[in-house]
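Have a look at the structure below, then the notes.
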Amino acid sequence: MTTRIGVVTFPGTLDDRDSLRAVRLAGAEPVSLWHRDKDLHQVDAVVLAGGFSYGDYLRAGAISRFSPVMETIIEQAKGGMPVLGICNGFQVLTEAHLLPGAMLRNNHLHFICRDQKLRVENAETAWTGDYTAGQEISVPLKNMDGRYTADERTLDELEAEGRVAFRYLDGNPNGSLRDIAGITNAAGNVVGLMPHPEHAVEPLIGTGRTDGLPFFTSVLKKLVSA
């Protein structure tokens, strides 16, 4: 049976097609999901793609969090379904309380777009199994509200439980606390990060490297072995 991975489109989503292509390149069947449809159409995992859903009004991800599809995703994620939030998708996951913390305006108050070096801190999640802990990768970064923040107790818990999934290297691009670029939930099935792995899946685009492809091959292997 073919593994099906859904990619959600909200009004203002920009990177859904890139994510669908990344899923296809990894060897799974990509499935487009519309935000107003609660039905996940029998997908095995979900990607919340990047963009500016609802124009980032109120707060980035704050309106999308209440889209009908999120009701089902929240329920399925709590039941173990792998969910990946990229950039705006990460913001939606924090607004939906599937991941702790919040995203604030970049500390320099400018949109940033560049190749970003990261260190893999946790290679045991559903989305990072094809990496090794300590591995350094480079993927594109593009955001305006990318500054991860949380209270000290939450940050300490994330560190102690190994739930910091990725950390920025060679300079913090947005003021994220403790250089956090991405985190995971306790179960390891929900991962969110600000950089864009779907833009680094083939040599002709993005960084010219394929450092982002293991996100999608990791979850495919996880689902096949389940």
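Summary of values
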item	result
Which label in (i) 1, 7, 15, 18, 19, 15, 12, 8, 4, 1, 0, 0; (ii) 1, 8, 16, 22, 23, 17, 10, 3, 0, 0; (iii) 1, 7, 12, 14, 15, 14, 11, 9, 6, 4, 3, 1, 1, 0, 0 gives the computed P(r) over Cα pairs in 5 Å bins from 0, in percent	(ii)
Nearby lysines by direct alpha-carbon distance to residue 78 (threshold 21 angstrom, same-chain neighbours under 8 apart not counted)	38, 221, 222
Accessible heavy-atom area order of 108, 97, highest first, probe of 1.4 Å	97, 108
Segment 118-164: GluC sites (Glu not before Pro) in DSSP coil with no more than 15 other Cβ atoms inside 10 Å	124, 161
Cα-centred dipole magnitude for the chain, charges only on beta-carbon of K, R (+1) and D, E (-1), debye, nearest 20	300
Accessible surface of the chain, 1.4 Å probe, proportion on carbon and sulfur as whole %	49
Per residue accessible area of the chain, 1.4 Å probe, in Å²	43
Placed amide H near residue 121: partners under 5 Å, 5+ positions off or other chain	134, 166, 167
Segment 104-226, relative contact order [Cα under 8 Å, separation at least 6], %	30
Choice from 14, 109, 177 with maximal GNM fluctuation in the chain (Cα, 10 Å cutoff)	109
Separation in nanometres of the label points that stand 7 Å from Cα toward Cβ, at residue 204 and residue 226	3.3
Potential lengthening between residue 107 and residue 154 on full extension [0.36 nm per residue; Cα-Cα distance subtracted]	14.9 nm
J(HN,Hα) series, segment 21-36, from Karplus relation 6.51 cos²θ - 1.76 cosθ + 1.60, nearest Hz, glycine and proline x	5, 4, 4, 5, 5, 6, x, 9, 8, x, 10, 6, 10, 8, 4, 8
J(HN,Hα) series, segment 191-201, from Karplus relation 6.51 cos²θ - 1.76 cosθ + 1.60, nearest Hz, glycine and proline x	10, x, 8, 7, x, 10, x, 5, 8, 9, 10
Accessible heavy-atom area order of 113, 87, highest first, probe of 1.4 Å	113, 87
Sequence-distant lysines (8 or more away, or on other chains) whose Cα lies within less than 22 Å of residue 142	117
Chymotrypsin sites (Phe, Trp or Tyr not before Pro) restricted to segment 97-178 and DSSP loop, no more than 14 other C-beta within 10 Å	111
Antiparallel bridge percentage (DSSP; both residues within segment 2-223; nearest 5)	55
Relative contact order computed over the chain (Cα-Cα under 8 Å; 6+ residues apart), in percent	20
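The values are calculated or read from the model by the stated rules, or taken from the named source; none is laboratory data. In this text the structure is predicted, and so the values were computed from the model without any measurement. Every residue, glycine as well, gets a Cβ built from its backbone with ideal geometry; the counts of neighbours run over all protein chains shown. Keep in mind that these areas ignore ligands, DNA and RNA; they rest on the heavy atoms of the full protein, side chains included. Shrake-Rupley method; radii C 1.70, N 1.55, O 1.52, S 1.80 Å.
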